[in-house]
Amino acid sequence: MGDSAWTYALTQTRAIVRYLQLAVWPHPLVFDYGTESIEHLVDALPYVLVIALLMATAAFALWRWPAAGFLGVWFFAILAPSSSIVPIPVQTVAEHRMYLPLAAVVALAVVSLYSYWRRGCWFVFAAIALALAALTVVRNEDYLNPRSIWADTVAKRPANARAQCYYGDVLAAQGQFAEALSHYDAAIQSDLPAKTSGGRSILGDILVNSGNVLRSLGREGEAVTRYEAALHVDPSLAAAHFNLGGVHLQADRLPEAVDRFEQALKIDPNYVAAHTSLGSALLLEGRTTEALVHYETALRLDPSAKAHQNLGIALLYARQLPEAVAQLEQAVRLEPDLAKAHEFLGQALLAQGRKAEAATHYQRALQIEPANEHARRALELLSATPR
C-alpha cells in the first residue's frame, strides 16, 4: 500500500461509507481492518459520489435548516483529522474513529423521527435499543480473550496480514503449531504490508514467529530459511539473529552460535535471553569468565528466579560452589516450585559434602517434576551411600 495523501484520501471515501452503513446497523463489526487501500480513482468513484452528495446535502441544510446542517457539518469536521488526507498507515479503516461523529448521525435520526412521529417513535426507539443490546451481548463474546477476537477478525478479513499474524501468535502460545503456521503463511502470502502500531512492517516478525513454529515442529532447515529471510527484510531484527544462534547452539556449532548471539546484543544490548544463551555458548566453549559476565548481566536486567538459577548453574560448572549455592537458594526462595533450581542446588550442596541438604532438594525436585531422572538417580546414590 502506498502511504500517499492521495491514496489515503481515496481509501477514506470507502471508509466513511462503511462507517455510515454501520451507523444504520452495526453489523458485522471488525476489530482490525488492516492496511488495504484504494489506489485508483475509478475504484473509489462510487464512494466519492456518495460523499459528494452527502457534503452537498449538509451544505444545503446549513442554509435552509441550520440545526440539521450543523449536525452534517459536525459529522465531517470531527471525522476529518483521521479520515481525509493525513495518512494513518497502521489502519486505513478503524471503527473507533466513528465514536464522536456517530453522535451527529444518531441525533439527526432521533430528532427527525420524533418530529414526524411523536407518538409511535417510542416503540421504535425501544425496539432499536433492545436489538442493539442483543448485538452488544453477542459482540462481547468476541472480546472474551485474544483467541476469539483474532479468530473473528481473520474470519471477516482473511487478507489482513496483521490479524493472521496475531492469531498465529495466539495459536502458537497454546501449542497449536501446525494451525499457527498456516496463519503465518497466509500473512506472508498476503500482498498487504502489515504494520505495527509504530508504522513498522511486521513481515520480519511474521517470518521469525513462523520460524519458531517450524522449529517446534522439528523442521529446523525451514526455520533457518525463515530467519534468514527475516534478516533480509530487516537486518536489525535481533530476534532473528537470536533464533539463528539457538539453532546453531542446539547443533553444537558453538562459534556460529556465539556470533549470532553477539549480533543480537549489538542490536539490543538489553536482550536478556541473548545474554543467557551467549553465556551458555561461551561456557560450552570453556570461556567461563566471559560466560559469567553475560549471566550476571542477564540477572541485572531481569532479577528473576530463572536468572538466579541460570547464574547458579554456570557458577556450579565453574566450580565456584559457595556462589552457586547462594544463587540457587535465591532462585528457590523466589520461585519454590522451580524444579531445575532444586535439582542443581542439590548437586551444588552434594559437591560441598552437604548430603542431607542435597537429598532434601533432590526430593523437592522430584515432587515438582516426577520424571526428573537425574534427581531420582542422585537420590538412589545418596541412599546407597553412608552419610
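Just so you know, all these numbers are worked out from the coordinates, no wet-lab data involved. If you're wondering where the values come from, they're calculated on a predicted model, not measured in any experiment. Because the Cβ atoms are built from the backbone with ideal geometry, glycine has one as well, and the counts that use them run over all protein chains shown.
Here are some notes:
- Compared with the dominant Cα axis of the chain, that is its longest principal axis, helix 305-317 is turned about 30°.
- Per-peptide average of other Cβ atoms within 10 Å, ordering 256-267, 299-310, 113-124 highest first: 256-267, 299-310, 113-124
- Angle of helix 121-142 to the longest C-alpha principal axis of the chain, folded into 0 to 90 degrees and rounded to 10: 20°.
- Top of 108, 311, 244 by mean-square fluctuation, Gaussian network on the chain, Cα under 10 Å: 108
- Residue 40-residue 383 FRET efficiency (beta carbon distance; Förster radius 51 Å; 0.05 resolution): 0.05
- Potential lengthening of the chain between residue 228 and residue 4 amounts to 77.6 nm, from the contour at 0.36 nm per residue minus the alpha-carbon distance.
- With the helix formula -39500 (n - 2.57) applied to DSSP H stretches of n ≥ 4, the chain reaches a computed 222 nm mean residue ellipticity of -23500 deg cm²/dmol.
- Distance distribution note for the chain: the fraction of Cα pairs above 25 angstrom is 70%.
- Extended-chain gain in nm, criterion 0.36 nm per residue less alpha-carbon gap, residue 123 and residue 155: 8.0 nm
- Relative contact order for the chain: 8 percent, from Cα pairs under 8 Å spaced at least 6 residues apart, divided by residue count.
- Relative to the longest principal axis of the Cα atoms of the chain, the long axis of helix 373-384 lies at roughly 30 degrees.
- Contact order, relative form, for the stretch 5-143: 30 percent (alpha carbon pairs under 8 Å, 6 or more residues apart, mean separation divided by residue count).
- Pairwise label distance in nanometres, residue 354 with residue 219, each label 7 Å out on the Cα-Cβ vector: 4.9
- Simple point charges give the picture: +1 on the Cβ of Lys and Arg, -1 on the Cβ of Asp and Glu, and for the chain a dipole about the Cα centre of about 1140 debye.
- Cβ-based net charge around residue 306, under 9 Å, with every Lys or Arg adding one and every Asp or Glu removing one: -1
- Projected label points at residue 52 and residue 253, each 7 Å from Cα along the beta carbon direction, are separated by 6.1 nanometres.
- Cα-based shape type of the stretch 5-143, given that a ≥ b ≥ c are square roots of the gyration tensor eigenvalues and the cut on a/c is 1.5: oblate
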